[in-house]
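To start, the structure under review is shown below, and the notes come after it.
The values are calculated or read from the model by the stated rules, or taken from the named source; none is laboratory data. Quick caveat, the model's predicted, so the values are computed rather than measured. Glycine gets a Cβ as well: all are built from the backbone with ideal geometry, and neighbour counts include every protein chain shown. The protein model used for the area step is the full one, side chains on, heavy atoms only, and it has no ligands, DNA or RNA in it. Shrake-Rupley method; radii C 1.70, N 1.55, O 1.52, S 1.80 Å.
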Amino acid sequence: MFATLLRSCPLVVLATTCWTLTAHAQFNGHNGLGDYGLRSASQPDPGFYASAYYYHYGSDKIRNQNGDLVTLSPTERGSIAVNALAGFFYYVSDAKILGANYGAIAAVPFANATLAVPILGFEEPAGVGLGDVYVVPINLGWHTTRADFAAGVGVFVPTGRYDVDANDNIGLGMWSFELYGGATVYFDEAKSWHVATTAFYETHTDKKDTDIRVGDLLSLEGGFGKSFLEGALSVGAAYYAQWKISSDNLGLGVQPPGGPLIGKHRVFAAGPEVTVPIPIGNKLIAFITARYFWEFGAKTKSEGNALAIMATFPIPSIPIER
C-alpha cells in the first residue's frame, strides 16, 4: 500500500545580495512561499522521511503600494535571481496527542545572501553558507474519512551569518515564531479529488544589534488536485498568498518613512504541481514533487516566478503491493 504523500514544509530563506535605493522598503520574514501545495494539511503516514529541496526565484519587477512598477532609472528596473538548497528530516510517530499523530521537523537551508529588503538592484551572489535553521517541535496530524487536518508550531533559529552593516547576509538576524493550521478536504471516498489550505502566522524578535522588528505575516498555501495510484501520483494547481499584517518597526515605535515602497506588502501566486513516485523493483524509494508559480497582484514587493522541486525519501522504502 502506498503511504500518504509527504508534503513539503517551510524551510528555506530566499537569498541574494542587494543594494538599497533612497526608497524605503519592506523587510521580509522567514516563511518560504511555495513550499506547500496539494494536500498541504495532510501529514504523511508514521515513519521517517528525508528530503532534498531546490528553490529558484526570478523577478525583474518591483511593485509599489499601488501595484505600479518601480524603476531604477528610465531604462533600468533591476532583477533578482535566487537559488537555494535545503535538506530536512520529518518524523511522524504512532503516538497520539489530542487524537492526532505527533510529528517533528528539522530543516537546514543553504543559500547565497538573504533578501532582507526587496529593493531594486542586485549584484552577484556572495558565496554559499548555512541559513537560518527551521525546527518544528510540534506537528500534529488528524485523519478522517473525508478530511485531514494539521496544526503545529515552528521556530526559525538565527544560525545564518548576519551583520547589520553587511550586504551579504545569509540569515535574517532574528528569531521567528510560526503558528500554523489547515485542512485537506476530499470529494470522494477514494480520496482522489482534494482541495487544501494551510495558514501560517509569523511573528519576530528584533533584528540582531538593532531595534528593528519585522511586522507580522499571514501566509496561505495549498492547492486543488487529483491523485492516482492510491495517492502516489498527483497533478493539480497550487497557490500561495501573503500579507503583512502589521508594519515594520524601526525602533522606539518609529514606522518606516514614506517612499515608493511604503505600506504593508502583499503577493499572490498560482501554478501547476505534479508528484511522481520513483519505484525500484518492488520498493517505492522516493517521491519527486515539482511546482511552478506565477506571481500577481503584488504590492510593496517583488513580483516574479518561482520553481520548487523536492525529492522525498521514505526510510525505509515502501513495499509495493502487486
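Observations, loosely collected:
Residue-wise test of (1) touching a Pro at 6+ places or on another chain (Cβ under 7 Å); (2) surrounded by fewer than 24 Cβ atoms within 10 Å (Cβ to Cβ); (3) at pLDDT below 90.
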{"residue": "P10", "(1), (2), (3)": "no, no, yes"}
{"residue": "A23", "(1), (2), (3)": "yes, yes, yes"}
{"residue": "F48", "(1), (2), (3)": "no, yes, no"}
{"residue": "Q65", "(1), (2), (3)": "no, yes, yes"}
{"residue": "I80", "(1), (2), (3)": "no, yes, yes"}
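- For region 269-302, filtering for residues that are under 14 Å from L33 (Cβ atoms) and either among the aliphatic types (A, V, I, L, M) or free of Cβ contacts under 8 Å to residues at least 24 places away in the same chain (or both) leaves 4.
- Positions within region 149-179 being buried (at least 22 other Cβ atoms within 10 Å of the Cβ), out of contact with any Phe, Trp or Tyr (no Cβ under 7 Å at 6 or more places or on another chain) and farther than 30 Å from K226 by Cα, in sequence order: G160, I170, M174
- Just so you know, in region 180-220 the residues that are in contact with a Leu (Cβ under 7 Å, 6 or more places away or on another chain) and of a type in the set (D, E) include one that is surrounded by the fewest Cβ atoms within 10 Å (Cβ to Cβ), and it is D211.
- Flag if N305 is in contact with a Lys or Arg (Cβ under 9 Å, 6 or more places away or on another chain) and open to solvent by 20 Å² or more (accessible area, probe 1.4 Å): no
- Count of region 193-229 residues which are under 19 Å from G141 (Cα atoms) and either part of a loop (DSSP other than H, G, I, E, B) or among the charged types (D, E, K, R) (or both): 1
- Considering residues of region 94-118 that are among the hydrophobic types (A, V, I, L, M, F, W, C) and under 25 Å from L69 (Cβ atoms) only, the residue modelled with the highest pLDDT: A113
- Residue in region 221-238 that is open to solvent by 40 Å² or more (accessible area, probe 1.4 Å) and within 24 Å of Q65 (Cβ to Cβ) present: no
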